[in-house]
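Please treat every number below as a calculation from the coordinates, not as lab data. In this text the structure is predicted, and so the values were computed from the model without any measurement. Counting neighbours? That spans all protein chains shown, and the Cβs are built from the backbone with ideal geometry, glycine included.
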Amino acid sequence: MSKAKKEQIDQLEDLPNYKAEFTAQLKDMGIESLPQLKAALADRSQSKKIQEELSGVGPKTVSTWKSLLKDTGETAIVPAEGKKLAKAKKEKAEVEIVEPAAEVVEEGGYVVKKKPELDADTKKLLALRYDMSHDRIAFLRQEWFRFPRLGEKWRRPRGMHSKMRRHVQYRPNVVSIGYRGPKQVRGLHPSGFQEVMVFNADQLDSVDPKVQAVRIGSSVGFKKRQVIEKKADELGIRVLNRTG
């Protein structure tokens, strides 16, 4: 990133891929200036929230904004007497340099995937499920350490005298109901979509693209799969297992 490029970032609207509707959305999150946005992007939870709330803003856009705001501080705000000069400089840069949006890249490049429209409670429960899944211990079958042939697969202890079955003292933990995730988001894709299995293009007509995503059946051939993916793109439906 050149120095000349960084000097052009004087306000939020100067950021690449920035849309007019982002201003109100960022204001609701308490972000009204470049320094505040810089601090929010540095925080993991805030950065994740920005990606969820702003349409079209993904990891690549966030990374680009971070690099542009790396040396930006309170002095980045243009004083009143320099606003005209900054505006003229910005107009000159727009005339001389025409760059594509960060998300519009060459063929085969990264494109932000479609996200579901979820309420605040569902997003919170999905985050909780994610944390619980990564904190959950590995359940190993009884006496797995004694007999290597048992492997690491899980089997419920059934012995009449089994201490593990009775949860005695220091015995390993047993799979039980308390380790499951929140019931309200059980079965959802990690992105938050409800998965719908499809085997032909006609089944896409009953899919709600706002909250549902499709998974093409494994028995569908390559030619029919391409037809399904093309129609899904026209309807704005996300395909979870695209080809390529």
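From the phi of every residue in the range 198-211, what ³J(HN,Hα) in whole Hz does the Karplus formula 6.51 cos²θ - 1.76 cosθ + 1.60 yield, where θ is phi - 60° and glycine or proline is x?
Residue by residue, the range 198-211 yields 10, 10, 8, 5, 5, 6, 6, 5, 9, 9, 8, x, 6, 10 Hz.
Considering only DSSP states other than H, G, I, E and B, which chymotrypsin sites (Phe, Trp or Tyr not before Pro) in the range 177-224 qualify as loop sites with at most 14 other Cβ atoms within 10 Å? All intermediate terms of the calculation are to be shown ahead of the outcome.
Working: sites: Tyr179, Phe193, Phe199, Phe222; in loops: Phe193, Phe199.
Passing both the DSSP loop test and the Cβ count: Phe199.
Place a label point 7 angstrom from the Cα of Ala201 along the Cα-to-Cβ direction, then list the residues of the range 217-232 whose backbone nitrogen is under 12 Å away.
Residues 223-232 qualify, since their backbone N sits under 12 Å from the label point.
Given Val196, Gln226, Ser206, which one lies farthest toward the positive end of the charge dipole of the range 185-235, if we put +1 on the Cβ of every Lys and Arg and -1 on the Cβ of every Asp and Glu?
So the residue we want is Gln226.
Within the range 179-240, report the GluC sites (Glu not before Pro) that DSSP leaves as loop and that have at most 11 other Cβ atoms within 10 Å. Write down the numbers at each step before the final one.
Details: sites: Glu195, Glu229, Glu234; in loops: none.
Answer by residue number: there is no such site.
Holding the Cα-Cα limit at 19 Å, pick out from Lys113/Lys223; Lys153/Lys183; Lys115/Lys224; Lys123/Lys183 the pairs that are longer than that.
Details: Lys113/Lys223 23 Å; Lys153/Lys183 25 Å; Lys115/Lys224 25 Å; Lys123/Lys183 13 Å.
The pairs that break the limit, which is 19 Å between Cα atoms, are Lys113/Lys223; Lys153/Lys183; Lys115/Lys224.
In the range 122-152, whose amide N lies under 19 Å from the spot 7 Å out along Cα-to-Cβ of Lys48? List them in ranges.
122-137
Would you mind estimating how fast the range 185-235 diffuses translationally, via Stokes-Einstein at 37 °C and 0.692 mPa s with the Kirkwood radius over Cα pairs, in µm²/s? Before the final figure, lay out each step's value.
Numbers: Rh = 11.4 Å.
Reported coefficient: 288 µm²/s.
Fewest first, what order do Leu150, Leu12 take by the number of other Cβ atoms within 10 Å?
Leu150, Leu12
Between the range 148-176 and the range 7-37, how many Å separate their Cα centres?
The range 148-176 and the range 7-37 have Cα centres spaced 55 Å from each other.
On full extension of the chain, what length is gained from Ala120 through Ala39, given 0.36 nm per residue of separation minus the C-alpha to C-alpha distance? Kindly include the intermediate steps, with their values, before the conclusion.
Working: separation 81, 0.36 × 81 = 29.16 nm, distance 2.26 nm.
Taking Ala120 through Ala39 to full extension adds about 26.9 nm, to one decimal.
With +1 on the Cβ of every Lys and Arg and -1 on the Cβ of every Asp and Glu, and nothing else charged, how large is the dipole of the range 185-235 about its Cα centre, in debye rounded to the nearest 20? Write down the numbers at each step before the final one.
Numbers: 8 positive and 7 negative charges, 41 e Å.
Result for the range 185-235 is approximately 200 debye, rounded to the nearest 20.
For the pair Arg171/Phe145, report the inter-label distance in nm, with labels modelled 7 Å from Cα in the Cβ direction.
Computed distance between label sites Arg171 and Phe145 equals 1.5 nm.
Where in the range 120-155 are there chymotrypsin sites (Phe, Trp or Tyr not before Pro) that are in a DSSP coil and have at most 14 other Cβ atoms within 10 angstrom of their Cβ?
Numbers: sites: Tyr130, Phe139, Trp144, Phe145, Trp154; in loops: Phe139, Trp144, Phe145, Trp154.
Sites meeting the loop and neighbour criteria: Phe145, Trp154.
Given an 8 Å cut-off on Cα distances and at least 6 residues of separation, report the relative contact order of the range 130-244 as a percent. Write down the numbers at each step before the final one.
Details: 115 pairs, mean separation 18.6, N = 115.
Dividing the mean separation by the residue count of the range 130-244 yields 16 percent.
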